Structure formats: C-alpha cells, structure tokens
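Just below is one structure, and these are the notes that go with it.
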Amino acid sequence: MLKELEYPFKPEYILKKRKSIKKRLLEEDGRSRITKRIAVLGGSTTHDVKEMLELFLLNAGIEPVFYESEYDQYWQDIMFDNPELISFSPDLLYIHTSSRNIKDFPTLKDSEEQIEALSERIYHSFEQIWDKAAQVYQCPIIQNNFEQPFYRLLGNADCSDIHGRLRFINGLNEKFAVYAQDHRNFHINDINYMASCYGLQKWADPFYWHMYKYACDIQAVPELAYNTANIIKSIYGKNQKAFVLDLDNTLWGGVVGDDGADHIEIGQETSMGQLYSEFQSYLKAHKDLGILLSVNSKNDEENALAGLNRPDSILKPEDFLVIKANWENKDRNIEAIAQELNIGTDSLVFVDDNPAERHIVESQVPGVKVPEVEDVTDFIRVLDRAGYFETTGLSEDDLKRNDMYKANAERRRQEMNYADYADYLRSLEMKAEIDAFSSVYMARIAQLTNKSNQFNLTTKRCSLADIEGYAADPHYITLYGKLTDKFGDNGVVSVVFGRQDEADAALFHIELWLMSCRVLKRDMEYAMMDALVMRCRERGIRRIKGYYYPTAKNGMVKEFYGAQGFAKTKEDADGSSEWEFGIPEKYEAKNKVIAVNGTCTNPVFGLYCRGIK
C-alpha cells in the first residue's frame, strides 16, 4: 500500500511519477491481488484515465487488465459487437462520457414537447448500450453522469427555464439515476458532484477538450480515476468495515481528563462545539449504514464514558461495539479491537487528530487505513472523499450489522456459563434457512464472496452478475445459509456453490465454500454439508470434489475438507489441495444442533436436533 495514493493525494505528483509508482506497486507481493478485466469505453481521450485507474486499483489489491475503446466509439463498440471487446470478455465495463458527448441541446425556439423528445432520444441512446451490454457481457457497468455546463446562457434562469442547459442536464441525470435504482449491476460515477467539488470552471477547461479531447482538466484525472476506483473496489469487496475513533479533539474539543466532561466542546453553544457535533452526526449516519464504531483513546474509561454520556453528545456509549479507553499503546488496542470484532485490521479506519499516534498505528498495524485528519473543519471532507465505505449495494444484513455484532457479544458471554460446548450450542436454539440462491439475497451473497477471507476455501470473488449467472445455470448447485438464534438474526452467513461435471454427471466440483467468521464454531458448516449432499443425491451425483487454494488469510480452513470426511487426493508445493468425498448409501447427518428450514427432522438423513424448541 502506497500512502501517496490515498486521499488526500497530490494529483500533479501522481501524474508526474506514474511510471515509478506503478513499478513500486508491481514490486510488492501481488499474490493477494485479484485480477479483473476492465473495459474502458470513452467519449473522450481515456489513456490517462486508464493509467491513473490502474495505480489506484493496484494499491487496493486489484490488478486490472484493460481494453480501451477508440476515441468516441463507446456506442459503436457495444451496439455493433466489436469482436475485440467480445473476445476480451470484460469483468466490468466503465463508460466514460461527459457533457461534451451531448451533441444537441435545446434551442430557445424549441417547445416543451420538443425538448422532452430530445431528452428522451439522448437518454434512449444510453439505455440501448446499457441493456445490450448487460445482455452480452453480464457484468457490472459503471456510467458517468453529466457534469454541469461551464456557462449559463440564461444566467440563473438556466436552472429553471425549460430551455436552459443546466435544467436539461439535470433532467438527464435524473433519468440515469432512475435506471440505476432499477438495475443492481449498474452504478453511477457521479462526475457531476466531482466537478462541483473540483471547481467547474477549472474542470471544464475548454483548452484540454479542443486540444486533446480530454473531458476534464488533466490535473483532475487522478481525482476522476480515484472516484471510479472506489466504485470498482466496492463491487469487489475492498471496502473497510469499521471506524476506530479517538476521543479528545476528535469526537469533541478539548481533553476530557483535564477539562472535565462539563467543559469539553460539543453541542450547539459554540461554533467549535457545533463542528464536533456535526462530525458525530456524520459517524452516527455511518453506523445506521452498517459501519461498526469503536473507541481507541488514551483516557481513563470513567472520563471517556462521562464525555459520551453528555446530554448533547450525538454518540453514546451504546453506539460503540468496543470501547478501549486506557493507557495502552494505540496500535495494541487496534489489534485487540480487530480481534474482538473478528475482522482483519485492513477493515479498520483509524481516526485520530494526533499525527504521532497516527504514525505509530500506521507503521505497526498492517493494512489499517489512517487518514490525515488534523482539524475538525476538514474531518468530514477527508473521510468522505476517501471512499472507505463506498456503497454499490445495500443489503438488509448491512443495516442490521451492528445489532448482529452486539448479539455476538451476548453469545460469548453465555458461552462462559457452559462447561460443555455442545450444551452451549443447543442452548442457542439455532435455526437455519438453507436454499438455492434467491433474488432476495443475491446482493448479500455477492458481498460475502468479496469480503470473506478466513473461512473461504478458494477465495473466488464474484460480482452480483456472476452470482445471478450461477443461479440461472442448470449445471450449478447453489446454496446460501441464513442463521438465527435466540439472540437475533445473523443474516446470510454461508455460501456454497459448484457445478456438475458435464462429462461425468456423477461428479460435482465445489467452486466456492465460505462462511462468515461471526458464526465460526456454531456447526453451520455441517448443516451446509448435509444440504449439499442432499442436493447432490437428488441429481444422482455420487462424488464431490473440493478444492483448497491457500492465501495469507485462509490457513484456518486448510484441513476443512478432512473434517467433513473428504479424502485428500492431491497437494501441490504451494499448499493447494484437492479432496474427494464419496456419498454413501446411508449418509449420517453431521448437523446435530441446528433446525434447518423450519424442522428438526430431515427426511433424507433422519436428522434430529436435540434441544431445539
């Protein structure tokens, strides 16, 4: 990971040093990167966009292979089935257009009906390529919306008069947004917002368009590429999951241990207090989005809680899953927080106004994101533009994530009351829903394939389009597992899918088996195995082959198939292995504690779940 590629970065430096930056990135260990084929289809010159995008994606653990259209051939490439693009078979399409690609705008003589017809014609030309691309390539599509025109012929009336270019563009952007709302594999790259932040007059510098056919100022290209990379990272599960927050001069002004809870700056009494309250509201909104919040503060816990318990504090102690208010080094606290949440340190964003603390954490804890924040006036801008929590799909499980983690803490506390672990599992009164992939859970299933690293046998990464394709393929068996217990709903926590061998119909290949770490040691893997065997027997399948591909994080499942009764048939020098399971005539169910699909009795295996009410 290169710090100079994290926000806020210096565009001119990246543009100047792009070759040396790429060399340094490629010299890093690339085994943890995933490779994706990305087609960049441009309505303007895209060479620099592609080169900048490559740097940001490499830094995020994605190694891109690019197809780049000829200038302004984006529509033709898709609608006329360019053989080169078809042969490339992209994993993702990025359509890089701008207001410069709108050839016709309303004239002052046009009627309202003529203007609406023009808007529909332009929109339809885009809708055509989106629908055709979805049909042919079945992959995620990223489409720029339109930035505002850099002049207003009608002055302020340009936004309200039907003849105004500004109003016309706003109407097209709304049509794009409605399409995105209705198509889960379609994502808007909001260059309208970006150009506004950058400065519209500078962004739309006519010199770069007429000289080089650049859609924006050359210095804006890294910003554009970074924003696009955030969408791609989110699609492939490279987002962060949690904020870890300092308290003094981060969540409030002042030092609570010195000033006392009554005298820290928070609330509406001062302008500085209002800034900290606004920042707390920003964080609270992230919690509602499913982002986990924790505290890492050098403080006495009593003082920390007193500050959070102030009546005018937006964030309260119960909003945090873990509160580490002590005098330990913050890097050690970070590692402890990651362990308690059962997520990797690379899923954490550490926010602290103190540069010394930021440096220690960044140098000592692998992968943690440490944004450069020093002044509360800039906290929200830096965090928001960094794109740590870019949203390309929001599942029901995301919205319930904080409640799920709180319920996990309750489970851990109950576990301590049982001497016999099996008795503890039965006490949870677990119930599972296991079935073929359903449209209701498609987004969550895709999300799991991109975020689950430890309990993941092959770490195959899938987009939503991939998951939909597997579900529709008659050669595939797909299973999701949803788990609830007396403490709450864990959501979809396990995914298994694979294909029936076309040459040998009695053989089944498992392509992916994963499970969320928050339900480890709960016997859900046994319930999934039972369900997979049942589905295989229904198709006349007699043998199941499993594959394990080692990564830096999935060592815990190296012998997983052995525990399920598979025999190892092959192991390579790098640790990759193949396993095989022969389904016996009388299969003995492995799951003894989870009621599956509303019943404790499985008619195929005679499964009986003791202790389930």
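The values are calculated or read from the model by the stated rules, or taken from the named source; none is laboratory data. Because the structure is a prediction, the values reported are computed rather than measured. Reconstructed Cβ throughout: ideal geometry from the backbone, glycine too, with neighbour counts over all protein chains shown. Note: areas computed on protein heavy atoms with side chains; ligands, DNA, RNA excluded. Shrake-Rupley method; radii C 1.70, N 1.55, O 1.52, S 1.80 Å.
Quick notes on this structure:
- Between Tyr418 and Tyr549, the modelled labels are 3.6 nm apart [label points 7 Å from Cα along Cα→Cβ].
- Projecting the Cα atoms of Thr459, Ile141, Cys536 onto the charge dipole of the chain (Cβ charges, centred on the Cα centre) puts Cys536 farthest toward the positive pole.
- Its residues counted as N, the stretch 501-604 yields a C-alpha radius of gyration over 2.2 N^0.38 Å of 1.12.
- Kirkwood estimate for the stretch 276-424, i.e. one over the average of 1/r between Cα atoms, Å: 16.8
- Projected-area average for the stretch 179-302 over all orientations - Cα convex hull basis, square nanometres: 11.7
- With a simple spin-label model that places each label point 7 Å from the Cα along the Cα-to-Cβ direction, the separation between Gln138 and Phe150 comes to 4.3 nm.
- Solvent-free Debye scattering, log10 I(q)/I(0), computed from the Cα coordinates of the stretch 247-331 at q = 0.17 Å⁻¹: -0.64
- Among Arg401, Arg184, Arg100, Arg332, the sequence by solvent-accessible area, most first, with a 1.4 Å probe is Arg332, Arg184, Arg100, Arg401.
- About its Cα centre, the stretch 181-230 has a charge dipole of approximately 80 debye under the convention of +1 per Lys or Arg Cβ and -1 per Asp or Glu Cβ, with nothing else charged.
- Relative to the current alpha-carbon distance between Glu372 and Asn329, full extension at 0.36 nm per residue lengthens the span by 13.6 nm.
- Each peptide in 107-113, 162-168, 216-222 gets a packing score, the mean of other Cβ atoms within 10 Å over its residues, and the list from highest to lowest is 216-222, 162-168, 107-113.
- Shape metrics for the stretch 434-479, restricted to C-alpha atoms - Rg then Dmax, Å: 10.3, 29
- Rg ratio (alpha-carbon, reference 2.2 N^0.38 Å) - the stretch 434-592: 0.98
- Computed over the stretch 108-218, Cα set: Rg, Dmax in Å: 15.5, 44
- For the stretch 503-554, the percent of C-alpha pairs falling in each 5 Å distance bin, counted from 0 to the bin holding the largest distance, reads 4, 15, 23, 23, 18, 10, 6, 1.
- Potential lengthening of the chain between Ala285 and Lys16 amounts to 93.1 nm, from the contour at 0.36 nm per residue minus the alpha-carbon distance.
- From the alpha carbon centroid of the stretch 246-261 to that of the stretch 199-229 is 42 Å.
- In a fully extended conformation the segment linking Ala573 and Arg381 would gain 64.3 nm over its present Cα-Cα distance, using 0.36 nm per residue.
- If you take the Cα centroid of the stretch 314-343 and the Cα centroid of the stretch 387-412, the two points sit 17 Å apart.
- Distance histogram for the stretch 542-585 (every C-alpha pair counted, 5 angstrom bins, percent rounded to whole numbers): 6, 24, 31, 22, 10, 5, 2, 0
- Violating pairs (Cα-Cα greater than 24 angstrom) within the set Lys284/Lys400; Lys16/Lys241; Lys241/Lys406: Lys16/Lys241
- FRET efficiency for Tyr212 and Ser125, using Cβ-Cβ distance with R0 set to 22 Å, rounded to 0.05: 0.35
- Extending 7 Å from Cα along the Cβ direction at Ala472 and again at Gln114 yields two label points whose distance is 4.2 nm.
- Protein heavy-atom surface of the chain, 1.4 angstrom probe: 48% of the accessible area is carbon and sulfur, with nucleic acids and ligands not counted.
- With all protein chains kept in place, the per residue accessible area of the chain amounts to 44 square angstrom at a probe of 1.4 angstrom.
- Values of log10 I(q)/I(0), in the order q = 0.08 Å⁻¹, for the chain under a Debye, Cα-only, solvent-free model: -0.67
- Ranked packing of 515-527, 277-289, most packed first, by mean Cβ within 10 Å: 515-527, 277-289
- Residues Glu410 and Lys558, FRET efficiency given R0 of 25 Å [Cβ-Cβ distance, rounded to 0.05]: 0.20
- Estimated D of the stretch 4-148 in µm² per second, where Rh is the Kirkwood radius over Cα pairs and Stokes-Einstein applies at 25 °C, 0.890 mPa s: 142
- Cα centroid separation - the stretch 445-502 against the stretch 20-55, whole Å: 28
- Cβ charges +1 (Lys, Arg) and -1 (Asp, Glu), total dipole of the chain, debye: 1780
- Under Stokes-Einstein, with the Kirkwood radius over Cα pairs as Rh, the value for the stretch 366-481 at 37 °C and 0.692 mPa s is 182 µm²/s.
- Sum of -39500 (n - 2.57) over DSSP H runs of 4+, divided by residues of the chain (222 nm, nearest 500): -12000 deg cm²/dmol
- Sequence-separation-based contact order of the chain, relative, with Cα cut under 8 Å and 6+ spacing, percent: 10
- Restraint check, Lys3/Lys330; Lys316/Lys482; Lys233/Lys460, Cα-Cα greater than 23 Å: Lys316/Lys482
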